[in-house]
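Here's the structure, in structure tokens; my notes come after.
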Amino acid sequence: MKSIKYFLSALICCTFISCVGEPCYKMRGIVLFESELTSVDWPKLAYENGINTIGVGISPGGVINFMQSEKGKQFFADCRKYGIDVEYQIHAMNELLPRNLFAEDSTLFRMDKTGHRVSHSNLCVHSEKALDIVAGNALEFARRQPSTNHRYYFWIDDTEPMCLCPHCIGYSASEQALIIENRMVKALRTIDPEAQVAHLAYLNTLSAPRKVKPEEGVFLEYAPIERSWAHPLSNAQASNPKPYGTKHRQIPHQEVMQTLKDNLAVFPAETAVILEYWLDVSLFSRWREPHVKLAWDKAIFDSDLDTYAELGIRNVTSFGVYIDGQYIKEHNDLRFLKEYGMGMKNYKRK
């Protein structure tokens, strides 16, 4: 019964979103790491292929170091020249709550299933002091390295457990993440009234939060890493026969889409961001050498654009990790970038 309620809510919230008179996909992005950004002229490449947003996927400290380097300064200047937005998509909790604070106050940190506080990954979201430290460090990052589109992505640590203390155990991973995000957006809006903070729905946070509601400015970022890229999302029974990584599951697209619809009943569709993997050579290479040629299928991509547009999605990005100088040298056919960026720029809702 609940799933029907959430589906109807999502359907209603998306019905009135129109693409008439402007590109349906406002944000047409790609997320890259330092290797790609230092070995390829990505601002120019993005501009030529209809991509208008580059996400820098380095750690918070790594972002600061890169953007202060000569190559980083040139990258930012070139993005400004071509009208490319720059944002930062990063697993950040290990740095926003420095691990060396554990010796001073272990209650800042999460409790594991054995009942012990541990310094590895994430935090106790019912520690007001921990939340203040995380929000304060997120604010300092935004002061030093503001995004150009007011969107901030300070993700919890990648696939790592959340707190199981008596206060936190009744909250899902999604709800614990949202508690952190709510605190961060309040802090960021003290210096940027338009600031937005991502709620990353991904693996252990894929289910929609129920007990915690998003503050104004918290937007959904949905990352369907467990889907199949051999079939479009519209193929409800398709699944990935070889999930990527030990923590990934083999789940049908029907479940992938239901969790997206459930999340869209909590977060506005018009601000939601889809974080896809169509261009993620690192994923298709299983994050190791040798880097394989991208498994790009325009028909699947076009079908997925229809699926997302029907839900009112206006913002889409994809990891493009390993599309660096070496990849271009070995595989110089980059027509997929044109089909990707221009495909979104020129998309007409059917």
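The values are calculated or read from the model by the stated rules, or taken from the named source; none is laboratory data. Quick caveat, the model's predicted, so the values are computed rather than measured. Heads up, the Cβs are rebuilt from the backbone with ideal geometry, glycines too, and the neighbour counts pull from every protein chain shown. These accessible areas exclude ligands, DNA and RNA; they are computed on the full protein's heavy atoms, side chains included. Shrake-Rupley method; radii C 1.70, N 1.55, O 1.52, S 1.80 Å.
Taking 25 Å as R0, compute the FRET efficiency from the Cβ-Cβ separation of Val292 and Arg249 and round it to 0.05.
Numbers: r = 23 Å, r/R0 = 0.91.
About 0.65, to the nearest 0.05.
Using a 1.4 Å probe on the protein chains only, how many percent of the accessible area of the chain belongs to carbon and sulfur?
On the way: 8180 of 15290 Å².
For the chain, the apolar C and S fraction of the accessible surface comes to 54 percent.
Can you give the helix-only mean residue ellipticity at 222 nm for the chain, where every DSSP H stretch with n ≥ 4 adds -39500 (n - 2.57) and the sum goes over all residues, rounded to the nearest 500 deg cm²/dmol? Write down the numbers at each step before the final one.
On the way: 13 runs with 132 residues, N = 350.
Using -39500 (n - 2.57) per qualifying helix, the result is -11000 deg cm²/dmol.
How long are the semi-axes of the ellipsoid equivalent to region 17-117, from square roots of 5 times the Cα gyration tensor eigenvalues, in whole Å, largest first?
Details: eigenvalues 255, 79, 19 Å².
In descending order, the three semi-axes are 36, 20, 10 Å.
Explain nothing, just the number: dipole magnitude of the chain about its Cα centre with +1 on each Lys and Arg Cβ and -1 on each Asp and Glu Cβ, in debye rounded to the nearest 20. Can you show the working numbers first?
On the way: 40 positive and 42 negative charges, 104 e Å.
Dipole size: approximately 500 debye.
Can you tell me which of 319-327, 24-32, 279-287 comes out highest on packing, and rank the rest after it, using the mean Cβ neighbours within 10 Å?
Result, highest mean first: 24-32, 319-327, 279-287.
Using 0.36 nm per residue of separation minus the Cα-Cα distance, give me the extension gain between Lys71 and His167 in nm, one decimal. Write out the running numbers ahead of the final one.
Numbers: separation 96, 0.36 × 96 = 34.56 nm, distance 4.56 nm.
Going from the current span to full extension adds 30.0 nm.
Remind me, relative contact order of the chain in percent, using alpha carbon pairs under 8 angstrom and six or more residues apart? Walk me through the numbers before you get to the answer.
Details: 649 pairs, mean separation 76.6, N = 350.
Relative contact order for the chain comes out at 22 percent.
Using alpha carbon centroids, what distance separates region 285-322 and region 73-129, in Å?
Rounded to whole Å, the Cα centres lie 27 Å apart.
Non-local amide H neighbours of Gln89 (under 5 Å, H modeled in plane, Pro and chain starts lacking H): which ones?
Correct list: Val56, Gly57, Ile58.
With the contact rule set at Cα under 8 Å and sequence spacing of 6 or more, what percent relative contact order holds for region 19-144? Write out the running numbers ahead of the final one.
Details: 148 pairs, mean separation 25.1, N = 126.
Once normalised by length, the contact order is 20 percent.
Please state the shape class of region 98-239: rounded when a/c is under 1.5, otherwise prolate if a/b exceeds b/c and oblate if not, all from the C-alpha gyration tensor.
Values: a/c = 2.01, a/b = 1.18, b/c = 1.70.
It is oblate, given that a/c is not under 1.5 and a/b is not larger than b/c.
How much net charge surrounds Ile274 when only the other residues with a Cβ under 10 Å from the Cβ of Ile274 are counted, with Lys and Arg +1 and Asp and Glu -1?
On the way: positive: Arg314; negative: Glu221, Glu276, Asp304.
Taking every Cβ under 10 Å from that of Ile274, the sum is -2.
At what distance in angstrom do the alpha carbon centres of region 48-72 and region 174-215 lie from each other?
Each part reduced to its Cα centre gives a spacing of 23 Å.
If you keep only loop residues by DSSP, which GluC sites (Glu not before Pro) in region 58-138 have at most 16 other Cβ atoms within 10 Å of their Cβ?
On the way: sites: Glu70, Glu87, Glu95, Glu104, Glu128; in loops: Glu104.
Sites meeting the loop and neighbour criteria: Glu104.
Take Ile169, Ile300 and sort them by solvent-accessible surface of the protein heavy atoms, 1.4 Å probe, largest at the top. Working shown, then result.
Working: Ile169 105, Ile300 15 Å².
Largest to smallest exposure gives the sequence Ile169, Ile300.
Need the full-extension length gain, Ser59 to Glu216, defined as separation in residues times 0.36 nm minus the C-alpha distance. One decimal, nm. Numbers along the way, then the final one.
Working: separation 157, 0.36 × 157 = 56.52 nm, distance 2.57 nm.
Residue separation times 0.36 nm, minus the Cα-Cα distance, leaves 54.0 nm.
For region 174-295, with only Lys/Arg (+1) and Asp/Glu (-1) charged at the beta-carbon, what is the dipole magnitude about the Cα centre, in debye rounded to 20? Intermediate results must be reported in sequence, preceding the final value.
Details: 14 positive and 14 negative charges, 99 e Å.
It works out to roughly 480 debye.
Enter the accessible area per residue of the chain (Å², integer; probe 1.4 Å; all protein chains in place). Provide the component values of the computation, followed by the final result.
Details: 15290 Å² over 350 residues.
About 44 Å² of surface per residue is accessible.
So for each of 189-197, 212-220 I average, over its residues, the number of other beta carbons within 10 Å; can you give me the resulting order with the highest mean first? The partial results should precede the final answer.
On the way: 189-197: 16.2, 212-220: 17.9.
Ranked by mean Cβ neighbours within 10 Å, highest first: 212-220, 189-197.
When Lys and Arg each count +1 and Asp and Glu each count -1, what net charge do the other residues less than 15 Å away from Phe66, Cβ to Cβ, add up to? The partial results should precede the final answer.
Working: positive: Lys71, Lys73, Arg144; negative: Glu34, Glu36, Glu70, Asp78, Glu87, Glu95, Asp324.
With Lys, Arg at +1 and Asp, Glu at -1, the net is -4.
Could you tell me the ratio Rg/Rh of the chain? Both radii from Cα atoms, Rh via Kirkwood.
Ratio of gyration radius to Kirkwood radius: 0.95.
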